[in-house]
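The values are calculated or read from the model by the stated rules, or taken from the named source; none is laboratory data. None of the values given here were measured: they were computed from a predicted structure. Counting neighbours? That spans all protein chains shown, and the Cβs are built from the backbone with ideal geometry, glycine included.
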Amino acid sequence: MTEQYRPDGSLRHLLTLEGLDRAEIERLLERAQGYVRAPGAPNPRSTTLAGITVANLFTEPSTRTRVSFELAAKRLGAEVVNLEVQLSSRAKGESMLDTAYTLEALHVDIFVIRDAEVGVPGLIAAHVAPHVSVVSGGEAHVSHPTQGLLDALTIRQRKGDFRRLAVAIVGDVRHSRVARSAWQVLRTLGTAELRIIAPPLLMPERGEFAGCTRFERLEEGLRDADVVMMLRIQRERMALDASLEPARYFAEYGLTAPRLALAHPAAIVLHPQPMNRGVEIASEVADGPQSAIRDQVRNGVAVRMAVLHALVAGRGPDR
Amino acid sequence: MTEQYRPDGSLRHLLTLEGLDRAEIERLLERAQGYVRAPGAPNPRSTTLAGITVANLFTEPSTRTRVSFELAAKRLGAEVVNLEVQLSSRAKGESMLDTAYTLEALHVDIFVIRDAEVGVPGLIAAHVAPHVSVVSGGEAHVSHPTQGLLDALTIRQRKGDFRRLAVAIVGDVRHSRVARSAWQVLRTLGTAELRIIAPPLLMPERGEFAGCTRFERLEEGLRDADVVMMLRIQRERMALDASLEPARYFAEYGLTAPRLALAHPAAIVLHPQPMNRGVEIASEVADGPQSAIRDQVRNGVAVRMAVLHALVAGRGPDR
Amino acid sequence: MTEQYRPDGSLRHLLTLEGLDRAEIERLLERAQGYVRAPGAPNPRSTTLAGITVANLFTEPSTRTRVSFELAAKRLGAEVVNLEVQLSSRAKGESMLDTAYTLEALHVDIFVIRDAEVGVPGLIAAHVAPHVSVVSGGEAHVSHPTQGLLDALTIRQRKGDFRRLAVAIVGDVRHSRVARSAWQVLRTLGTAELRIIAPPLLMPERGEFAGCTRFERLEEGLRDADVVMMLRIQRERMALDASLEPARYFAEYGLTAPRLALAHPAAIVLHPQPMNRGVEIASEVADGPQSAIRDQVRNGVAVRMAVLHALVAGRGPDR
């Protein structure tokens, strides 16, 4: 695994939340909280990243995550360039690195990389010059660290102390980078009880998600949960088996108001978006009073600002 | 119809020119005039929109209108993000709104929306938070308000008092958002005489374009006109009927120099671009001394700056 | 050919290096050298291009060259818009010019144009208003002036006086804009010996590359060369003839370590990228100690900053 820290102990890359200790995560959440703004509040101009260039390397032309990173970087005063590059194995490993070296030579300081294949952000992080940082914007099914942080920030804002909380992660856990990053950060923060709820086909391998209680029935797993984290189910998955067909999936695993009533009365609902309304979540819940979904988006910019700040701050006083 | 004004009477959205009173339009034109620069004159740096984020949501990757809005926003100091999103009914209404809520949560203050379907800008405007504004960058065949304003500004610069002018709108009036917005603004500004000239197939329904005189023969309608506003005819339309086939359309409705000579000797020619030269307009006219087409483009940036300014100024002193 | 100079002798367009005299080129290289930064060094904020708008018109969505120009312009304080426009003859000449006139009317000051067809940058340069400049970002097989300048800058940094150097250009010289621009700049700078090395099918016509010695055998042409400039061979080309099939091409024309050993021991290797590793160049050479390929990329931004500066500086004190 690519080392994420500099020799002096400062954070250089953010590829996964695995290996980040509690103090590090709390510092990031603390700083992110400072960047949270009320809706409509003016955006204070910052020069924290003045002179820094951030390149967004995304395989899709425009995504919420790309815009979230772009705005986070711009609001800290960075220059941002967006590229659509194919970094995956369709290009050979060496051409992928050539692209990275080229951007490095163009004085790009931070790469934000989203890729459908395992290992791309790490491979690039392992090869770029010491002053360059890599942030994962979502890597295959394995990692989505800024999503994990924004989930943690949202829970912290709404529910406070993790050591008293039961969090249920619901849906396609098996294929979800969101679930994996959430599990890592919530475990590190000392969450009292972690549950995963999934149909057998979407349940992760036994060796994964250590410490989580597993449920196949939604009603059982939701009982008294403080946080219900819903996952998106991909269209491709629904075609795999009759049990995953939208209407049937909704009947068994869709989060409806009556089901949510089984959780703690003050439970909050999360979803990484985009939502399949009427498949994994009912609109009455998505738009209901217990939904914290829009807070997640707002917190996403703040978390990404905090991460960009941390990576650059660790470069030392000379920048 | 979505309310465009805030309770205090300030302009919040600009979806259509319908309902804007003469004073409002004149204020916008006045401010736009102040933003007009001579070619090559340096761009004064402005911080009018500092701290404001503008998102351009266009369904096509790059259009003149998108660049015009992008430059207008940047020249006032705003942050701009460009997104290609499918907002239309191909996505269900709720996912369209989810995209809007996401951008709102990312602290986007102004949405510029171009969409081929009726109702998308209005639907979003009706649902976003009170501090968020929506500007239409062109909505189906119904509305293109900044185009209407730039047409009015161009006419005002060249011809002065609208109460003395005869304006002829020529071509595919039936399907034209440009014609509808022009008709609205010119009527409000008290234009003496409004004419529409179109072949029977492209003539709007009787109930529309109240107060306009209708002509099926170009020569008749052009007589003594002070302003000749040509419209683009779409390729799809030309395929509908033999009478709309390019050569035949040009023979009957193309604006040539001899035909332009039927208008007032000081008449000006407008076109929203892109032009089908040799179909609706001859190059000798498009590039001739009476053409104000490039002025329209220049005025487009100024008008969009004025609109963005107005929407933000109305948010009050706290921003 | 389009005139590149203003009446007062200052550089207005950069479409080709042909016709630029040695003093002009040295001034550009000198200024570019001043813009070169060490890897990781902070980017000093500049306002040299404040108030200036640069439009990147590229036919592909994102390329290294586009990003290089974009960063060069932004680092000098310019506003940058990226457009994907089809400027080629697929659109008729007049619509191409309409696009240019539109951008000019939007107060774009500098167009950076990359196009696969001959003549597009020149045609636009010939028609835009006097205060507007055009820079070629690569024109068909004929010209890539900023690449030529960055090649020259890289050679100058590493090898010093051109009058003592033997430079070998290797590969698909026939179809290469990189080779043509390199040949022009190196000849003007007084390079002692210029060689081209190519298989018969990729050798340029006799009338071209005046003053170059021609070699069909790589080993012969490399002997004692100080600079080995490798060219990319296009996939389409490899399909044309069995002799250009990748493995066979590599066997005959690929730059390997043993072959590079035939050149001067202190020889440097250049490549415009992207590289076909294992086709025109071996990885051991591309990543070896004699490779100056990453320097070329870094120098590319500096050269583009110098060019943008020169074009704007010549507009006089009023800007």
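Looking at this structure, is A:ARG315 under 20 Å from A:GLU24 (Cβ atoms) and within 12 Å of chain B (Cβ to nearest Cβ)? No; evaluated as a whole, the condition is false for this residue.
Remark: A:GLU205 falls outside the filter, which requires a residue to be assigned by TED's automatic domain parsing to the domain that holds A:ARG177 and assigned to a helix (DSSP H, G or I). For the stretch B:142-185, the candidate set comprises residues that are hydroxyl-bearing (Ser, Thr, Tyr) and out of contact with any Pro (no Cβ under 6 Å at 6 or more places or on another chain); within that set, the residue that is farthest from B:GLN234 (Cα to Cα) is B:THR154.
Residue-wise test of (1) at negative phi; (2) modelled with pLDDT under 95; (3) exposed (fewer than 14 other Cβ atoms within 10 Å of the Cβ).
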| position | (1), (2), (3) |
| --- | --- |
| C:GLU219 | yes, no, yes |
| C:MET238 | yes, yes, no |
| C:GLU245 | yes, yes, no |
| C:ALA263 | yes, no, no |
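How about the stretch B:1-34: which of its residues are surrounded by 14 or more Cβ atoms within 10 Å (Cβ to Cβ), among the small types (Gly, Ala, Ser) and part of a helix (DSSP H, G or I)? The answer is B:ALA32, and nothing else. Take the residues of the stretch A:1-22 that are without any contact (Cβ under 8 Å) to a residue 60 or more places away in the chain and more than 19 Å from the chain's Cα centre (by Cα): which is nearest to A:LEU123 (Cα to Cα)? This residue is A:GLU3.
Checked against (1) of a type outside the set (S, T, N, Q); (2) in contact (Cβ under 8 Å) with a residue 24 or more places away in the chain; (3) not assigned by TED's automatic domain parsing to the domain that holds A:PRO265, A:PHE162 passes all but a single condition, namely (3). Applying the selection to the stretch B:261-296, what residues are out of contact with any strand residue (DSSP E or B) (no Cβ under 7 Å at 6 or more places or on another chain) and among the aliphatic types (A, V, I, L, M)? B:ALA261, B:LEU262, B:ALA266, B:VAL279 - these are the residues of the stretch B:261-296 that are out of contact with any strand residue (DSSP E or B) (no Cβ under 7 Å at 6 or more places or on another chain) and among the aliphatic types (A, V, I, L, M). Evaluated against (1) within 22 Å of the chain's Cα centre (by Cα); (2) over 30 Å from A:GLY51 (Cβ atoms); (3) surrounded by fewer than 22 Cβ atoms within 10 Å (Cβ to Cβ), A:ILE281 falls short on exactly one condition, (3). Among the residues of the stretch A:91-148, the one identified as surrounded by fewer than 24 Cβ atoms within 10 Å (Cβ to Cβ), hydrophobic (A, V, I, L, M, F, W, C), in a helix (DSSP H, G or I) and at the interface with another protein chain (Cβ under 8 Å from one of its Cβ atoms) is A:ALA105. From the residues in the stretch A:149-195 that are touching a Gly at 6+ places or on another chain (Cβ under 6 Å) and crowded, with 24+ Cβ neighbours inside 10 Å, which one is farthest from A:ALA23 (Cα to Cα)? Applying the filter and picking the extreme gives A:ALA168. Of everything in the stretch A:35-62 that is over 23 Å from A:GLN157 (Cα atoms), in contact (Cβ under 8 Å) with a residue 12 or more places away in the chain and at the interface with chain B (Cβ under 9 Å from one of its Cβ atoms), the residue that is surrounded by the most Cβ atoms within 10 Å (Cβ to Cβ) is A:PRO61. Being surrounded by 14 or more Cβ atoms within 10 Å (Cβ to Cβ) and more than 24 Å from the chain's Cα centre (by Cα): is that true of A:LEU231 here? Judged against the criteria, A:LEU231 is not a match.
Screening the candidates C:VAL285, C:VAL307, C:VAL301 for the property of being among the β-branched types (Val, Ile, Thr) and either more than 22 Å from C:LEU189 (Cβ to Cβ) or assigned to a loop (DSSP other than H, G, I, E, B) (or both) yields one hit, C:VAL285.
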